[in-house]
Amino acid sequence: MLSARVSFAPAGPDFIALQSAAMAVPPSTDSRSGGLRATLRHGDFTKLWLGQIVSSSGDRFYQFALLHLFLGSTGGFMGSFGRDAARVVFCGMILPVVLAPWIGHQVDTHDRRKILLWAEAGRGLIALLLLLAWAAGLPLSFLLIFVAASGLLTGLFIPARQAALPMLVPRDHLVRGNALMTFAGIAAELAGATAGLAIALVGESFSFLAAALGYAFSTVMIFRIRTQLLPTPAGHPADEPETPIAQPTLFTVRLLVWLTVAFTFVTGLFLPFFAQHAAVEIDSSWLKPWLSQRTDATFAGLVVLLGVTGIGLFAGMLTAGKIPRIAHQRALPVLMLAVWGAATWKLGATTAYASACVLCFFAGCATGLITIPADARLQHEVAGERHGRVFARRLALSNIAFLAGLALNLNGQLLRTFGSETMLKYLGLFSIVLALGFWFAAGKRLRGCWGSTAVEVPVPLSPR
């Protein structure tokens with residue numbers, strides 16, 4: 001079955017001509033009302049999904065081992081994320097930023113299955129090399145070379161995975177496919193707690209080995225994918241009728257990209273403020289009767305709040321995957337950015353633990369309902385042969401946004417000057433203002449649902 005994608009070509013100063021591009025995808029065997037199980041019936045997608053659950057979990061072991069290796073077990077909870085941690089994060093993110101055009105070109109011109117395969121295999125090999133380099137006593141500065149190489153492979157893998165997903169499921173399963181990929185991330189967060197415990201008990205060697213095994217499992221699952229994941233050639237065959245599709249505009253694509261990038265920036269700012277607020281302002285003393293004498297109630301309280309946030313993210317995933325009428329609303333990501341901002345603002349004003357749990361749940365749910373529909377709509381409305389470039393550039397912008405947030409928090413000056421309560425309130429208000437800005441900029445484009453059929457006509461652009 002052939003389903004359409006769109007690409008953009010200039011047609012004068014005031015219009016974008018919408019062109020169709022054919023993409024071979026599995027036939028849809030059920031309506032949009034089907035559940036997540038219907039998406040998992042597409043065997044090659046399920047192979048990729050299972051591999052990502054294990055690989056993402058192994059990735060958390062890799063990250064925890066790296067941070068423990070560079071930071072050691074001293075320095076305290078809030079003091080450990082300093083210069084050395086910034087070096088690790090910077091080295092892991094910088095190459096996908098610098099090489100974003102090259103990455104997008106590779107994903108859009110080569111077999112995406114091979115890119116996924118070699119990227120996962122390469123990350124597993126690097127995890128083993130890091131283990132050997134650490135055992136050999138090589139200087140930590142030398143290990144940063146491996147960190148940068150692994151970051152580059154991750155920068156290749158993520159756009160290739162996002163570009164491959166629409167080729168593994170039908171168009172009306174894109175939201176559910178992205179929701180299931182989010183579930184892999186939730187499983188990875190749970191694995192993070194296990195990683196921290198494993199490092200505390202047996203050291204970094206086990207975590208590097210666990211990461212390598214996770215990447216190896218994902219490599220095997222990708223190897224077993226039989227669907228052709230070659231980039232889609234532009235245009236339909238002469239005798240192939242075009243499928244009517246919705247009208248995307250370049251403005252809409254840019255809106256989705258910048259909205260998710262802005263959300264990455266505010267969440268990067270949020271984490272240290274939230275951690276400080278949970279440790280100092282929110283009363284977690286009620287946990288003490290349930291804990292051993294060695295366990296810090298403050299740290300346990302933070303872990304519980306993060307767990308509740310994960311439950312909220314899971315609820316957002318289920319909502320997006322099971323209620324398409326909600327997930328396909330054009331305004332949903334913008335509205336959820338405002339909800340996230342309101343929850344963050346209220347979180348800064350509360351000290352009651354029960355209230356904090358409720359707010360963390362809503363923040364997690366809003367996160368899922370921002371990222372999942374945005375990714376699915378980009379996959380739906382951007383031409384298949386351009387997915388790699390779009391997602392590579394968005395990843396680069398997201399990395400820049402995260403690094404900018406990291407730089408603002410690196411020396412802790414904002415926390416010392418304003419305090420976590422005030423900063424959370426400011427961040428919540430800033431997110432609400434961002435949502436209002438996106439809303440007024442988009443105007444009528446946020447009405448109705450996306451994914452419905454429509455006749456292709458030129459779409460007016462905003463004045464240049």
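The values are calculated or read from the model by the stated rules, or taken from the named source; none is laboratory data. On a predicted model such as this, the values are computed, not experimentally measured, just so you know. As a convention, Cβ positions derive from the backbone with ideal geometry for all residues, glycine included, and neighbour counts pool all protein chains shown.
Looking only at residues in the stretch 408-428 that are in a helix (DSSP H, G or I) and farther than 26 Å from residue 339 by Cα, which one is modelled with the highest pLDDT?
Our first condition is that a residue be in a helix (DSSP H, G or I); within the stretch 408-428, this holds for 408-409, 413-428.
Adding the requirement that they be farther than 26 Å from residue 339 by Cα leaves 413, 416-417.
Working: 413: 79, 416: 81, 417: 85.
The residue in question is 417.
Out of all the residues in the stretch 371-379, is one or more under 24 Å from residue 185 (Cα atoms), charged (D, E, K, R) and touching a residue at least 12 places away in the same chain (Cβ under 8 Å)?
Pass one, the stretch 371-379, residues under 24 Å from residue 185 (Cα atoms): 371-379.
Those left that are additionally charged (D, E, K, R): 375, 377.
Going one step further and asking which of them are touching a residue at least 12 places away in the same chain (Cβ under 8 Å), we end up with 375, 377.
Yes, that holds for at least one residue.
Tell me yes or no: at least one residue of the stretch 384-391 is modelled with pLDDT of 95 or more and of a type outside the set (A, V, I, L, M, F, W, C).
Initially, the stretch 384-391 is screened for residues modelled with pLDDT of 95 or more, giving none.
Checked the stretch 384-391: no residue is modelled with pLDDT of 95 or more and of a type outside the set (A, V, I, L, M, F, W, C).
With respect to residue 155, is the statement that it is out of contact with any Gly (no Cβ under 6 Å at 6 or more places or on another chain) and either modelled with pLDDT under 90 or over 17 Å from residue 390 (Cα atoms) (or both) true?
On the way: out of contact with any Gly (no Cβ under 6 Å at 6 or more places or on another chain): yes; either modelled with pLDDT under 90 or over 17 Å from residue 390 (Cα atoms) (or both): no.
When the stated conditions are applied, residue 155 does not pass them.
Tell me, which helices (runs of 4 or more DSSP H) wholly within the stretch 81-177 include 1 or more residues that are farther than 22 Å from residue 399 by Cβ and in contact with an Asp or Glu (Cβ under 8 Å, 6 or more places away or on another chain)? Let's see the steps before the verdict.
Values: elements: 83-98, 100-109, 112-135, 140-168.
Hits in the stretch 81-177: 112-135, 140-168.
Among the residues of the stretch 352-379, how many are in contact with a helix residue (DSSP H, G or I) (Cβ under 9 Å, 6 or more places away or on another chain) and either on the phi > 0 side of the Ramachandran plot or not in a helix (DSSP H, G or I) (or both)?
Residues flagged as in contact with a helix residue (DSSP H, G or I) (Cβ under 9 Å, 6 or more places away or on another chain) and either on the phi > 0 side of the Ramachandran plot or not in a helix (DSSP H, G or I) (or both) within the stretch 352-379 amount to 0.
If I go through the stretch 387-427 residue by residue, how many of them are over 30 Å from residue 174 (Cα atoms), surrounded by 18 or more Cβ atoms within 10 Å (Cβ to Cβ) and within 23 Å of the chain's Cα centre (by Cα)?
The qualifying residues number 5.
Does residue 120 satisfy being at pLDDT below 90, of a type in the set (Asp, Glu) and closer than 20 Å to residue 93 by Cβ?
Numbers: at pLDDT below 90: no; of a type in the set (Asp, Glu): yes; closer than 20 Å to residue 93 by Cβ: yes.
So residue 120 fails the test.
Condition check ((1) within 30 Å of the chain's Cα centre (by Cα); (2) modelled with pLDDT under 75) across all residues:
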position	(1), (2)
234	yes, yes
248	yes, yes
259	yes, no
266	yes, no
276	yes, no
285	no, yes
297	no, yes
306	yes, no
316	yes, no
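Hey, among the residues in the stretch 327-356 that are of a type in the set (A, V, I, L, M) and touching a His at 6+ places or on another chain (Cβ under 9 Å), which one's surrounded by the fewest Cβ atoms within 10 Å (Cβ to Cβ)?
Filtering the stretch 327-356 for residues of a type in the set (A, V, I, L, M) gives 327, 331-332, 334-339, 342-343, 347, 349, 352, 354, 356.
Imposing the further condition that a residue be touching a His at 6+ places or on another chain (Cβ under 9 Å) reduces the set to 347, 356.
On the way: 347: 29, 356: 24.
Per the stated criteria, the residue is 356.
Go through (1) modelled with pLDDT of 50 or more; (2) under 27 Å from residue 147 (Cβ atoms) and name the single condition residue 76 misses.
(1)
Give me the pairs: first residue in the stretch 163-182 and not assigned by TED's automatic domain parsing to the domain that holds residue 112, second residue surrounded by fewer than 24 Cβ atoms within 10 Å (Cβ to Cβ), beta-carbon distance under 6 Å, and six or more apart or on different chains, which are they?
none
When residue 379 is evaluated against the numbered criteria (1) over 27 Å from residue 228 (Cβ atoms); (2) among the polar types (S, T, N, Q); (3) touching a Leu at 6+ places or on another chain (Cβ under 6 Å), which criterion, by number, is the only one it fails?
Tallying (1) over 27 Å from residue 228 (Cβ atoms); (2) among the polar types (S, T, N, Q); (3) touching a Leu at 6+ places or on another chain (Cβ under 6 Å), residue 379 fails exactly one: (1).
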